[in-house]
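For reference, the structure discussed in these notes is given below.
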Amino acid sequence: MRMRLAVALVGKSKCAWAESAVEDYARRLRRHGSLEVRVAKPEKFRGDVESVRAAEADRLLKLVRPREQLVALDERGEGLDTHGFSAMLESLA
């Protein structure tokens, strides 16, 4: 079953290696179906990290449409290898 996937992220990276990683990630995801990249505007830093996180989280959540399933990827979360990530995607289908 082909999936319609969307990746929401905050801002565009200014690092060539990060852009390359996003493109590689997007290429791999497209194997499962179509892919749309949605970009939220970054919040200006005014000395309060938590307020920046909250504002950006709110912007990201606004990019999630009704009836879509949300999977948040975070460097502090559970580590998945390629097979684990693929199995997680399949379980959502």
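The values are calculated or read from the model by the stated rules, or taken from the named source; none is laboratory data. All values reported here derive from a predicted model rather than from experimental measurement. Here the Cβ is made from the backbone with ideal geometry for all residues, glycine too, and neighbour counts use every protein chain on show. Each accessible area value is taken on the protein alone, full model and side chains, heavy atoms only, with ligands, DNA and RNA left out. Shrake-Rupley method; radii C 1.70, N 1.55, O 1.52, S 1.80 Å.
For the range 38-78, the set of residues classified as under 15 Å from TYR25 (Cβ atoms) and not hydrophobic (A, V, I, L, M, F, W, C) consists of ARG38, ASP74, GLU75, listed by residue number.
Just one of (1) under 14 Å from the mean Cα position of the chain (by Cα); (2) polar (S, T, N, Q); (3) farther than 18 Å from VAL7 by Cβ fails for SER51. It is (1).
For the range 53-66, what are the residues that are surrounded by 10 or more Cβ atoms within 10 Å (Cβ to Cβ) and more than 16 Å from VAL10 (Cβ to Cβ)?
none
If you go through the range 67-83 and keep only what is over 17 Å from LEU5 (Cα atoms) and either open to solvent by less than 60 Å² (accessible area, probe 1.4 Å) or assigned to a loop (DSSP other than H, G, I, E, B) (or both), you end up with ASP74, GLU75, ARG76, GLY77, GLU78, GLY79, LEU80, ASP81. Screening the range 20-39 for residues that are within 13 Å of the chain's Cα centre (by Cα) and farther than 11 Å from VAL7 by Cβ and picking the one that is most open to solvent (accessible area, probe 1.4 Å) gives GLU23. Residues that are out of contact with any Lys or Arg (no Cβ under 8 Å at 6 or more places or on another chain), of a type in the set (D, E, K, R) and not in a helix (DSSP H, G or I) do occur in the range 46-62.
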